[in-house]
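Down below is the structure, laid out as structure tokens.
The values are calculated or read from the model by the stated rules, or taken from the named source; none is laboratory data. Note that this is a predicted model, so its numbers are computed, not measured. Cβ sites come from the backbone with ideal geometry, for glycine too, and all protein chains shown count toward neighbours.
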Amino acid sequence: MPMKKRDKEKSKKWVSILFCSAVYLFLFLPIFVVVANSFNATTSKPYLSWKGFSFDWYIKLWSNSSLLESFGDTMLIALASTVLSTVIGTLGAVGIYRYRFKGKGIINGLLYIPVVIPEIVIGIALLTIFSNTGVPRGMLTLILSHVSFCVPYVIFNVRARLSGYDRSIEEASMDLGANRIVTFFEITLPVLAPGIAGGALLAFTLSIDDVIISYFVNGQTKTYPLKVMESIKSGVSPDVNALSTIILVGTTVLVFLTQSGILSGKHNKAR
């Protein structure tokens, strides 16, 4: 009996290992293909056959001005929309949590609309609004559109942080002589900082990743995802993979530094 039980445990262990391996392979194999293809020496379309290892595409990347320009526009749009949506979302979350007013339940329900409805519906709706109001499509419409679907995510993150918030510390601050503005920046804002940071990172990621909504409102401004989507017709060139690999490495380093506490200064505090 003990032998059978031990065999069953071993078989369960191997099944778990195989299942986890299959899941991780499914998740990370496309990323590995992108990284590997950025070192592909092929020069013929559709750039799918392996011709050897080379750094040529990383060199050619810096001469691809249209690709670099699209990436620069993407980062500018993402930063601007992140700042705006973070400020609006934080103030909105605090206001909804703190005050009672008519229509509060309706507003809470409306916040879920940009999250649950298809992006193509939002894109068409925003395109109609910009066309009817005469707003020229371009950088401005892209930023406004990204803010419109990023704000709810910031509100959800900040409101989740507010759910366990003790308002008595604000009252204690004001009892000691601080006004509401000082109390907000010295007490409320530091407490909400993790939720605000999470919402900002989520908004930044959603903005960089967006394709469908940006397709409807971009005008002549081509973001990096739109540029990649256009290149699919003729085959994604390895310089696109090279830029994607650089972004991947930069993101990985940033996550490692954040998790290790180097950026947050935890090691210095411990000393």
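The conditions are (1) more than 30 Å from Asp239 (Cα to Cα); (2) touching a strand residue (DSSP E or B) at 6+ places or on another chain (Cβ under 9 Å), and Trp57 fails exactly one of them. Which is it?
(1)
Please tell me if Asn64 is surrounded by 10 or more Cβ atoms within 10 Å (Cβ to Cβ) and touching an Asp or Glu at 6+ places or on another chain (Cβ under 8 Å).
yes
Please indicate, with yes or no, whether at least one residue in the stretch 47-61 is closer than 20 Å to Thr205 by Cβ, outside any loop (DSSP other than H, G, I, E, B), modelled with pLDDT of 85 or more and not β-branched (Val, Ile, Thr).
Within the stretch 47-61, none of the residues are closer than 20 Å to Thr205 by Cβ, outside any loop (DSSP other than H, G, I, E, B), modelled with pLDDT of 85 or more and not β-branched (Val, Ile, Thr).
Looking at Leu226, Leu248, Leu206, Leu254, which one is part of a helix (DSSP H, G or I), touching a residue at least 12 places away in the same chain (Cβ under 8 Å), surrounded by fewer than 16 Cβ atoms within 10 Å (Cβ to Cβ) and out of contact with any Pro (no Cβ under 9 Å at 6 or more places or on another chain)?
Leu248
Out of all the residues in the stretch 28-61, which are exposed (fewer than 12 other Cβ atoms within 10 Å of the Cβ), closer than 20 Å to Val211 by Cβ and of a type in the set (A, V, I, L, M, F, W, C)?
Val33
Of all residues being among the charged types (D, E, K, R) and outside any helix (DSSP H, G or I) in the stretch 146-185, which is surrounded by the most Cβ atoms within 10 Å (Cβ to Cβ)? Just the residue, please.
Filtering the stretch 146-185 for residues that are among the charged types (D, E, K, R) and outside any helix (DSSP H, G or I), the one surrounded by the most Cβ atoms within 10 Å (Cβ to Cβ) comes out as Arg167.
Can you pull out the residues in the stretch 212-231 that are over 12 Å from Ile143 (Cα atoms) and not aliphatic (A, V, I, L, M)?
Matches in the stretch 212-231: Tyr215, Phe216, Gly219, Gln220, Lys222, Tyr224, Pro225, Lys227, Glu230, Ser231.
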